[in-house]
Amino acid sequence: MKASMVAKITGLQPGTVRKIWSSFAKEGEKSLIGKDRGGRRNSHLSKEEEKLFLTPFFKKAEKGKVLIVAEIKDAYQEHIGKEVPKSTIYRLLSRHGWKRQPGKATAEGEQDSTKTNMKEYWIEGCSQVLHPERTGNISQQWLNSTLNSMIMKESS
């Protein structure tokens, strides 16, 4: 039979039929036995290892300390022996039930006196670099106007 006829019978695409025939010709019966699908194949650690790795950080957080992602990132990189982006650590924490609490930059009672300037606070909390000439985004426009009003209040 042609691949197009087999495809109509099986409900597959002709290309898929040809791919199956090719793998059967190369590997035999074992190519037809179901292959593992899904899962986390590109992980550095298993979920259990991740949980063990995060345990000291979560215990520290239970005592009222703040989770500092940079510390976790450094420890993780040292543990696995390679560099990872910060987003990897946020996904790792998310998998284990940690939710970021916006606005909680310091632990209770540990107010940093150097961050009293509202302009610096807003700039630090902004996720993108501020460019005065770039105003295409509504939230960017709002942020720029807010910063400008703060500057005006500080100068008067």
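Laboratory data are not the source of any read-out in this text; all were calculated from the coordinates shown. Note that the structure is predicted; figures quoted are calculated from it, not measured. Here the Cβ positions follow ideal geometry from the backbone for every residue, glycine too, while neighbour counts run over all protein chains shown.
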Next on the checklist: Students often get this wrong, so check it: of 59/82; 65/99; 2/30; 59/99; 60/82; 59/86, which have C-alpha atoms separated by over 19 Å?
Outcome noted: 59/82; 2/30; 60/82; 59/86
Next on the checklist: For 83, 71, which order do you get if you count the other beta carbons within 10 Å of each Cβ and list the fewest first?
Outcome noted: 83, 71
Checklist entry - Fewest to most neighbouring Cβ within 10 Å: what's the order for 44, 79? => result 79, 44
Item to check | Label-point separation, residue 86 to residue 20 (7 Å along Cα→Cβ), nm | outcome: 4.8 nm
Checklist outcome for this item: Shape call for the stretch 1-90, from the Cα gyration tensor axes a ≥ b ≥ c (a/c under 1.5 means rounded, otherwise prolate when a/b beats b/c, else oblate), comes out prolate
